[in-house]
């Protein structure tokens, strides 16, 4: 009551309570009285409620949505980086294998070339041996043919000579004589005749 | 031309205690209703929000929240970014309250009864954040006795005066804009009030309103950060 009387003394109009006419009398721009304090408390409560509702309904859900999206994007980026790492590892492994295969291929080719060279030498040696054998066989055959031909010619010469001698003698020669003369003639002709 | 705050109804608590439903109260309710409606719409539409925004509405909401989130993180660091929830609501309320003059309302912030409790809340939050995060080794209490113990009254007065300076800055600017625009509108006949006064209204109501909402919130955040440990 004391406070009211004090404040009434300071600001008599604004603390006049009761009738509807007071509403018309109430006007202030900056009134430092007890009613302003009540107004302040009332507006304070109103504004706090509005701000808390805005935070609860608007800010927090939207911020959560944005943060979730940010986390999701960060997760996807991390996964992409991880996949990239896996791909890079696979590529490095593939390239390593390709290099190893290239070396291995060279080794195989070298071995093949070496083997081919060895086989080539063996084949040529074998061919040379065979050729030499063929040549030897051919020479032997030629020699045999020559002997054979020599014998035939010698026989024919003797036969012709015998015929000529028979004609000269007059045909009085028996078969045994003919044969003996023929053998002697052949023996006398000898090898010297054919080796010239 | 009357710039005083008018009481429209009176709400009696007892015979001697009553609350005036003033122009400020009604404007506050209207601004609050619009903001809560917006929040409800966002909450409903949030379920349809795409990972990549496809609508202008989603873009605007995301840009607003993201901008404010970054602003809070810049000033208050990530450790205290959870205070952003309060300051975001405060900023939206102040923004719409400051520019509500464009829509013919008496801006709630042109009333000391609105700006003072908001600034006083900042001072309370300063003490809360100081006690919560700077109480180790008695740093919160020691701050009041720096540089020497005789500065204790000055340091206490300094904290209290922040609420007064913060609230009077906003109140004075908004009331100044209200009075100035009232006078300018009064100068022009009704038929030509769309031109020059309209452009000035854009400046005093929209630009100054948005600017001071931003200043109020930014200063509040800085005041809060004055109470946290220096290492933070």
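The values are calculated or read from the model by the stated rules, or taken from the named source; none is laboratory data. Being a predicted model, the structure only gives us computed values, none of them experimental. Note that each Cβ is placed from the backbone with ideal geometry, even for glycine, and that neighbours are counted across all protein chains shown.
With respect to residue B:37, is the statement that it is part of a helix (DSSP H, G or I), modelled with pLDDT of 90 or more and surrounded by fewer than 12 Cβ atoms within 10 Å (Cβ to Cβ) true?
On the way: part of a helix (DSSP H, G or I): yes; modelled with pLDDT of 90 or more: yes; surrounded by fewer than 12 Cβ atoms within 10 Å (Cβ to Cβ): yes.
Against the criterion (part of a helix (DSSP H, G or I), modelled with pLDDT of 90 or more and surrounded by fewer than 12 Cβ atoms within 10 Å (Cβ to Cβ)), residue B:37 qualifies.
Tallying residues that are farther than 22 Å from residue B:118 by Cα and within 7 Å of chain A (Cβ to nearest Cβ) within segment B:18-41 yields 1. Of the residues making up segment B:46-60, those that are more than 21 Å from the chain's Cα centre (by Cα), outside any loop (DSSP other than H, G, I, E, B) and more than 10 Å from chain A (Cβ to nearest Cβ) number 4.
Do we find that residue B:117 is over 14 Å from the mean Cα position of the chain (by Cα) and at pLDDT 90 or above in this structure? If you could, list the steps in order and put the result at the bottom.
Numbers: over 14 Å from the mean Cα position of the chain (by Cα): no; at pLDDT 90 or above: yes.
For residue B:117, the condition - over 14 Å from the mean Cα position of the chain (by Cα) and at pLDDT 90 or above - is not met.
Of all residues in segment A:24-36, how many are within 7 Å of chain B (Cβ to nearest Cβ) and in a helix (DSSP H, G or I)? Result for segment A:24-36: 2.
Might you let me know whether segment B:123-146 holds any residue that is within 24 Å of residue B:82 (Cα to Cα), within 14 Å of chain A (Cβ to nearest Cβ) and in contact (Cβ under 8 Å) with a residue 60 or more places away in the chain? Yes, some residue in segment B:123-146 is within 24 Å of residue B:82 (Cα to Cα), within 14 Å of chain A (Cβ to nearest Cβ) and in contact (Cβ under 8 Å) with a residue 60 or more places away in the chain. Only one of the listed residues (B:205, B:159) is closer than 19 Å to residue B:126 by Cα and surrounded by 16 or more Cβ atoms within 10 Å (Cβ to Cβ). That residue is B:159.
Each row is one residue, and each column tells you yes or no for (1) surrounded by fewer than 14 Cβ atoms within 10 Å (Cβ to Cβ); (2) under 29 Å from residue B:110 (Cβ atoms).
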| position | (1), (2) |
| --- | --- |
| B:9 | yes, yes |
| B:17 | yes, yes |
| B:20 | no, yes |
| B:26 | no, yes |
| B:48 | yes, no |
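Pull up segment B:3-14, narrow it to residues that are assigned to a loop (DSSP other than H, G, I, E, B) and more than 7 Å from every other protein chain (Cβ to nearest Cβ), then point me to the one that is nearest to residue A:40 (Cα to Cα). Steps first, answer last, please.
First pass over segment B:3-14, keeping only residues assigned to a loop (DSSP other than H, G, I, E, B): B:3-4, B:13-14.
Now drop any that are not more than 7 Å from every other protein chain (Cβ to nearest Cβ), which leaves B:13-14.
On the way: B:13: 15, B:14: 18 Å.
Step by step, filter segment B:3-14, then rank; the result is B:13.
Quickly run through segment B:67-88 and pick out the residues that are in contact (Cβ under 8 Å) with a residue 24 or more places away in the chain and either more than 26 Å from residue B:132 (Cβ to Cβ) or assigned to a helix (DSSP H, G or I) (or both). Answer for segment B:67-88, where residues must be in contact (Cβ under 8 Å) with a residue 24 or more places away in the chain and either more than 26 Å from residue B:132 (Cβ to Cβ) or assigned to a helix (DSSP H, G or I) (or both): B:71, B:72, B:75, B:76, B:79, B:80, B:83, B:86, B:87.
Residues checked against (1) away from chain B (no Cβ under 14 Å); (2) free of Cβ contacts under 8 Å to residues at least 12 places away in the same chain; (3) in contact with a helix residue (DSSP H, G or I) (Cβ under 7 Å, 6 or more places away or on another chain); (4) more than 30 Å from residue B:116 (Cα to Cα):
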{"residue": "A:47", "(1), (2), (3), (4)": "no, yes, yes, no"}
{"residue": "A:55", "(1), (2), (3), (4)": "no, yes, yes, no"}
{"residue": "A:64", "(1), (2), (3), (4)": "no, yes, no, yes"}
{"residue": "A:88", "(1), (2), (3), (4)": "yes, yes, no, yes"}
{"residue": "A:98", "(1), (2), (3), (4)": "yes, yes, no, yes"}
{"residue": "A:119", "(1), (2), (3), (4)": "yes, yes, no, yes"}
{"residue": "A:122", "(1), (2), (3), (4)": "yes, yes, no, yes"}
{"residue": "A:151", "(1), (2), (3), (4)": "yes, yes, no, yes"}
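Inspect all residues belonging to segment B:20-32 and state whether any of them is over 27 Å from residue B:184 (Cβ atoms) and in contact with a strand residue (DSSP E or B) (Cβ under 7 Å, 6 or more places away or on another chain). Yes, segment B:20-32 contains a residue that is over 27 Å from residue B:184 (Cβ atoms) and in contact with a strand residue (DSSP E or B) (Cβ under 7 Å, 6 or more places away or on another chain). The sole residue among A:107, A:39, A:68, A:83 that is within 14 Å of another protein chain (Cβ to nearest Cβ) and exposed (fewer than 14 other Cβ atoms within 10 Å of the Cβ) is A:68.
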